[in-house]
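Reviewing the structure listed below.
Derivation of every value follows stated rules applied to the coordinates shown; laboratory data play no part. Model, not experiment: these values are computed from the prediction. No Cβ is skipped: glycine too gets one built from the backbone with ideal geometry, and neighbour counts run over all protein chains shown.
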């Protein structure tokens, strides 16, 4: 059986990065895709682990060579998901997680409707604002831009399969684990087995 | 938030009863619907726990009063799900499980497409046959009738949301727990929250 593609998105500050990190700690059998980006590394970034950091010129060349599963420009920086590695892992039967912005998620959805699209949601608007301010690495202008972007992302929530409430990281990770397990039982992924074993 | 209705079905011998029993032991917060039936009690039956045993006359009267969520005649006996109790529990926010035959499941689906329909599947045809024979409470004729019925049920598997493989009871119960949790995150059940909290 092929692996499933889980696309985890949601507004900046909803906590998708934290959830994915905690999930991956418990599930090294899952492949977490590493995005390429043109944004400047922050202190906590590790090349090849948090992102692949590339120049804008290189990024544009990769777009031209159709090497991204999705790509988007967000707050002046490019972000993209390398295609080859994710496809390899799925074919080999490994589940793959993409943690990406919603522009990218919608691109992936148009090419992979069989993917599982998960919208990470903060418990409240107040909490979202507090998280964005608390991060401390953005200017006021950047925070405002992210909040505005967040609002447009909520309008897209209905295009996802699941809403993953991030009221606590542990609870959100448990829900994500349940979604990953439940999707393995999803009928369209298992109907071939029924046909072959019982209706041959 | 209202409870979710889980309809668990599948061929006789697939193990849906065993799975539900084991699940309920771990999850007394869920309401397991008790069916009414006209079949004769077996030794292990307990009135009001395994079934409500009623006469055929009484059963027909209840059908006439529209008191069943679904009902079916199976191997010469009537089986039906009392409507009022299940509806009450859902409204009160409690998840409800119906363990019923597939004729009934399809009836429920036509009235409650928002229900979660789960097809319990034995690991192989050989295993299914062995389980039916091993039960020992049926005549050869009854076993043949159940096997024939089983085949027609596999044709309906594609009308369910999930295929729950019963290779081991523990594994099947874990998968069922995951489905119950994942369904709470299902987008259509959460989009009102997004609308109210973030897009008001």
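The table below gives the values:
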read-out	value
Copy-to-copy label separations for residue B:53, where each label sits 7 Å from Cα toward Cβ, in nm and ascending	7.6
Whole-number percent relative contact order across chain A, with pairs defined as alpha carbons under 8 Å at least 6 apart	32
The range B:29-113: relative contact order as a whole-number percent, Cα under 8 Å and 6+ apart	36
Shortest-first distances to equivalent copies, position residue B:189, nm, label 7 Å out along Cβ	1.8
With Cα atoms, 0 to 90° folded angle of helix B:102-111 axis to chain B main axis	30
At 7 Å out from Cα toward Cβ: residue B:148 inter-copy label distances (nm, ascending)	7.1
Whole-Å distance, taken between Cα centres, linking the range B:1-56 and the range B:124-182	15
Shielding by other protein chains, B:171-184, mean Cβ within 10 Å	5
Structure-based [θ]222 nm, chain B - -39500 (n - 2.57) summed over DSSP H runs of at least 4, per residue, nearest 500	-13500 deg cm²/dmol
Packing rank of A:52-59, B:119-126, where each peptide gets the mean count of other beta carbons within 10 Å, highest leading	B:119-126, A:52-59
Between helix B:169-185 and chain B: long-axis angle, C-alpha atoms, 0 to 90°, nearest 10	30
Label-point gap, in nm, between residue A:25 and residue B:114 - each point 7 angstrom along Cα→Cβ	3.7
Zone residues, the range A:20-51, relative to residue B:174, backbone N less than 19 Å from point 7 Å out along Cα-to-Cβ	A:23-31
Potential lengthening between residue B:92 and residue B:53 on full extension [0.36 nm per residue; Cα-Cα distance subtracted]	11.3 nm
Per-residue mean of C-beta atoms belonging to partner chains within 10 Å, peptide A:117-128	2
The range A:64-169, relative contact order in percent, only Cα pairs under 8 angstrom and at least six apart counted	27
Ranked by how many other beta carbons lie within 10 Å on average, peptides B:150-156, B:61-67, B:102-108 from highest	B:102-108, B:150-156, B:61-67
Peptide-level mean, for A:44-51, of C-beta atoms on other protein chains within 10 Å	0
